[in-house]
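Rule-based calculations on the coordinates, nothing more; no lab input. The structure displayed is predicted, hence computed values, not measured ones. Virtual Cβ from ideal backbone geometry, glycine too; neighbours counted across all protein chains shown.
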């Protein structure tokens, strides 16, 4: 069996990893397993939805207050983080397959959102 090449977990943090770093990680993972034939845009988009539903399941029937409390339970937090990572993995892989620059498209979409949903005017104090 071929030795698996996975990164040192502590090397990747939100503060230090780039989107490109994460894309390369996802790409290497799927290439090492010869999964490219299964990772079509259609299948990846479906997988995003499936994993998002699995993420939602952790919050089903919780009150809004209870949903914040999951972060205080290490097991629940880990399970939720796993699902978030699965969603991100499929999204990053989809970006690779469709040549989407996630950072620039995210910024572009946020600009569109700012126009669509302007900051409400504050009422002056009487």
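Which peptide among 16-24, 43-51 comes first, and what is the full order, when sorted by highest mean count of other Cβ atoms within 10 Å? Write out the running numbers ahead of the final one.
Details: 16-24: 13.2, 43-51: 16.1.
Averaged packing, sorted descending, gives the order 43-51, 16-24.
Measuring from centroid to centroid over Cα atoms, what is the spacing of segment 55-126 and segment 12-33 in Å?
Centre-to-centre distance over Cα atoms comes out at 19 Å.
Using mean Cβ contacts within 10 Å as the protection proxy, how do 84-94, 57-67 order, highest first? The partial results should precede the final answer.
Working: 84-94: 18.4, 57-67: 10.2.
In descending order of packing, they fall as 84-94, 57-67.
Tilt of helix 102-116 relative to the longest C-alpha principal axis of the chain, in degrees (0 to 90, nearest 10)?
Tilt of helix 102-116: around 20 degrees.
Could you give the radius of gyration (one decimal) and Dmax (whole number) of the Cα atoms in segment 55-105, in Å?
Here Rg and the maximum Cα pair distance are 14.4, 39 Å.
Hey, what's the Kirkwood Rh for segment 1-104 if you take every pair of different alpha carbons, in angstrom? Provide the component values of the computation, followed by the final result.
Values: mean 1/r = 0.0650 Å⁻¹.
Radius from the Kirkwood sum: 15.4 Å.
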